[in-house]
Amino acid sequence: MNKRQTGSYYEERATQFLKEQGMTVLERNFRCRQGEIDIIGKDKDSLVFVEVKFRTGDNCGSPFHAVGSAKQKVISRVAMYYLTSRCRNTDIPCRFDVIGIEGNKITWLQNAFDYRL
C-alpha cells in the first residue's frame, strides 16, 4: 500500500473504534484551505476533532509526538473554519483528540491539546 492507502486504512480503523466507543462520526477527511482534519465527531455534548497517527513500531517514535505544535495550529485553524462554515457558531464545546495506532494497538487520547492560535 502507498501512504495514502495506508492512511485511509488506519483512519477507517480509528473511525470504527470511535463508533464502538459511542461517538457519532460526522465527517472524515474534512479539507479546506487551512488544512485537513481526519475525523470530526460528536461525543456527548462536545464536537470532537480527531487526528489519526499510525506507527509500525517503537523505532518510528510515538504517534502522539507526531502531532506537534505546528500540526496542532493547523488542526485548530481547520476546526475554526468548520465551526464558522458548517455550524455557524463558535461557542460549541469542542475538544481535540488524537488516535494513535501502533501495530494493532489503538490508543485514544482525549483532550490531547488545547486550541492553538
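The numbers here are math on the coordinates, done by the rules we state, and not lab data. What you are looking at is a predicted structure, and each value in this text was computed from that prediction instead of being measured. Cβ sites come from the backbone with ideal geometry, for glycine too, and all protein chains shown count toward neighbours.
Expressed to the nearest 5 percent, the antiparallel share of DSSP beta bridges inside the chain is 65 percent.
With a cut-off of 11 Å between beta carbons, the residues surrounding residue 27 carry a summed charge of +2, where Lys and Arg count +1 and Asp and Glu -1. Can you work out D for the chain in µm² s⁻¹ from Stokes-Einstein, where Rh is the Kirkwood radius over C-alpha pairs, the temperature is 20 °C and the viscosity is 1.002 mPa s? The estimated diffusion coefficient comes to 149 µm²/s.
Hey, if you put +1 on the Cβ of every Lys and Arg and -1 on every Asp and Glu Cβ in the chain, which of 100, 5, 22 ends up farthest toward the positive end of that dipole? Highest projection toward the positive end goes to 5.
In the chain, the longest principal axis of the Cα atoms and the axis of helix 69-82 are about 40 degrees apart. Tell me the angle of helix 3-20 to the major Cα principal axis of the chain, expressed in degrees between 0 and 90 and rounded to the nearest ten. The angle comes out near 70 degrees. The dipole here belongs to the range 3-113: it is taken about the Cα centre, uses +1 on the Cβ of Lys and Arg and -1 on the Cβ of Asp and Glu, and is about 360 debye.
Go through 42/73; 19/71; 3/44; 73/105; 19/73; 19/105 and tell me which ones have a Cα-Cα distance over 23 Å in this structure. In this structure, 19/71; 3/44; 73/105; 19/73 lie more than 23 Å apart at Cα.
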